[in-house]
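To keep things clear, I will list the structure first and then write my remarks on it.
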Amino acid sequence: MRIHTLSIDGDLVGIIGMGEIVAEVKALGLKQEGEIKEELLTRVQRRNHVARGSEEGYRKALWGEYLGRQ
């Protein structure tokens, strides 16, 4: 499994399975930004530790990654 590095609130964090997660969420065909962010975060949390209180930073970074892979 590949590890992708993202900046979360100014800290570099390794995310396991980022490419697969984005592909899975895109395949769902969700249209609402909020729904997409929540699904990305949920799937990242299944494979990676997300510290309590940092969820919003993850949502923002994951959304940017999602848009960058269009």
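Where a number appears in this text, it was derived from the coordinates with a stated rule and is not lab data. Just so we're clear, the structure is a prediction, and the values are computed from it rather than from any experiment. Positions of Cβ are generated from backbone atoms using ideal geometry, with glycine treated the same way; all protein chains shown enter the neighbour counts.
A few points about this structure:
- Hits in region 27-42 (condition: free of Cβ contacts under 8 Å to residues at least 24 places away in the same chain, not in a loop (DSSP other than H, G, I, E, B) and not β-branched (Val, Ile, Thr)): 27, 28, 34, 35, 38, 39, 41
- Of residues in region 1-26 being among the aliphatic types (A, V, I, L, M) and in a strand (DSSP E or B), the one surrounded by the fewest Cβ atoms within 10 Å (Cβ to Cβ): 12
- Entry remark, region 56-70: residues being closer than 14 Å to residue 8 by Cα and buried (at least 16 other Cβ atoms within 10 Å of the Cβ) number 7 in total.
- Candidate set from region 27-50 (those that are over 21 Å from residue 2 (Cα atoms) and hydrophobic (A, V, I, L, M, F, W, C)); member that is surrounded by the most Cβ atoms within 10 Å (Cβ to Cβ): 36
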